[in-house]
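Report on the following structure.
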Amino acid sequence: MTDDKLYKKAEQRADAKIGFYHHLYGFITANTILFILNAVTSFGEWWFYWITFMWAIGLIFHFLKVFVLADKLDVDRDRLIEDEMKKMKK
């Protein structure tokens, strides 16, 4: 892998991690506000946790994509093209 390709791949992974952290910070901020709003307006009738739960599912999938499955989901386009060309020559 050339240095340019390696740099581009590293840049994409860094951007994905930054995107996850922004998602996490937004999750924490928004759900803190929702909790406070829920406590002030309708204490005893908790509704904020439904939003938190559903959003947390999305956050978990985002985490898995960025940190756990990144290598498995990383597709080298040039290698795929070469593989397809080899198949076509047979």
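The values are calculated or read from the model by the stated rules, or taken from the named source; none is laboratory data. This is a predicted model, so every value here is computed, not measured. Cβ sites come from the backbone with ideal geometry, for glycine too, and all protein chains shown count toward neighbours. Accessible surface areas use protein heavy atoms only, side chains included; no ligands, DNA or RNA. Shrake-Rupley method; radii C 1.70, N 1.55, O 1.52, S 1.80 Å.
Restricting to the stretch 60-84, name every residue that is open to solvent by less than 70 Å² (accessible area, probe 1.4 Å) and part of a loop (DSSP other than H, G, I, E, B).
Listed by number, the residues that qualify are LEU69, ASP74, ASP76.
For the stretch 1-16, which residues satisfy the criterion of being open to solvent by less than 90 Å² (accessible area, probe 1.4 Å) and either in a helix (DSSP H, G or I) or in contact with a helix residue (DSSP H, G or I) (Cβ under 9 Å, 6 or more places away or on another chain) (or both)?
Residues of the stretch 1-16 that are open to solvent by less than 90 Å² (accessible area, probe 1.4 Å), as a first pass: 2, 9-11, 14, 16.
Correct list: LYS9, ALA10, GLU11, ALA14, ALA16.
Looking at the stretch 16-36, can you tell me whether even one residue there is within 15 Å of the chain's Cα centre (by Cα) and modelled with pLDDT under 95? Don't jump to the end; show me each part of the working.
Initially, the stretch 16-36 is screened for residues within 15 Å of the chain's Cα centre (by Cα), giving 16-27.
Applying the additional criterion that residues be modelled with pLDDT under 95 yields 16.
Yes - at least one qualifying residue is present in the stretch 16-36.
What number of residues within the stretch 22-59 are surrounded by fewer than 11 Cβ atoms within 10 Å (Cβ to Cβ) and within 30 Å of ARG77 (Cβ to Cβ)?
1
Which pairs have Cβ atoms under 8 Å, sit 6 or more apart or on different chains, and link a residue in the stretch 33-52 that is free of Cβ contacts under 8 Å to residues at least 12 places away in the same chain and in a helix (DSSP H, G or I) to one that is of a type in the set (Phe, Trp, Tyr) and surrounded by 13 or more Cβ atoms within 10 Å (Cβ to Cβ)?
LEU37/PHE48; ASN38/PHE48
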